[in-house]
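The values are calculated or read from the model by the stated rules, or taken from the named source; none is laboratory data. Source: prediction; values computed, not measured. When we count neighbours, we look across all protein chains shown, and the Cβ atoms used for this are built from the backbone with ideal geometry, even at glycine.
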Amino acid sequence: MKILKTILTLFSIVVFTASCSSDDGVDGTNGVDGQQGAPGATGTANVIYSAWLTAPTAVAETVDGTSGMSTTINAPELSEDILAKGTILVYVSFGSGTFTLPYTSTAGGFVNTITAISTAKKIKLFRFRHDGGGTVNLPTSLSWRYVLIPGGVAAATAKTAKLDYAKMSYEEVCAHFNIQP
């Protein structure tokens, strides 16, 4: 009889233990969700852009062994962090349109390129001839604009990771970042 009593006691403990779980208890009801907030203003993802600028008179200069004409525009928001991790776009505008730098054309009868060389707080504009001869001026009548796109978002997670801003037209960049042309 003692053995039967022990077996029944153990059986009762097993059944009681098996019927209990951490999920037992009373669930409460979920609260009511709050109202949807007003839509936010269209943003530019921390993009910084300048007004259209004129540059000082260009001077003759040699950069990396290449003779050309250069001038510099101030870009006070251009930080070391943007230089290291971000994207810098520079545009030139004149009578026939707006163009992304580097911009290659035939001016003064020679194939030449205008390029931008960025350093903290400054963007040097440099024009050189492809044939290595003389120089072609950078007139003060040209207008310049820069767009600074800070880094900091891993490319694999960025919505814009597949975009190549340098291949986009000025108008496409303005539309993408809600920049007034």
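Annotations
- Scope the stretch 93-103; condition not in a loop (DSSP other than H, G, I, E, B) and not hydrophobic (A, V, I, L, M, F, W, C); matching residues: Ser93, Gly97, Thr98, Thr100, Tyr103
- When Leu125, Leu78, Leu83, Leu138 are screened for being at pLDDT 95 or above, farther than 16 Å from Tyr170 by Cα and assigned to a loop (DSSP other than H, G, I, E, B), only Leu78 passes.
- Pick from the stretch 141-161, criterion surrounded by 12 or more Cβ atoms within 10 Å (Cβ to Cβ) and farther than 28 Å from Thr66 by Cα, ranking: modelled with the lowest pLDDT: Ala158
- Thr106 being in contact with a strand residue (DSSP E or B) (Cβ under 8 Å, 6 or more places away or on another chain), without any contact (Cβ under 8 Å) to a residue 12 or more places away in the chain and in a strand (DSSP E or B): yes
- Only a single criterion out of (1) at pLDDT 90 or above; (2) farther than 30 Å from Ser67 by Cβ is not satisfied by Asp164, namely (1).
- Residues within the stretch 56-75 that are in a loop (DSSP other than H, G, I, E, B) and not acidic (Asp, Glu), tallied: 5
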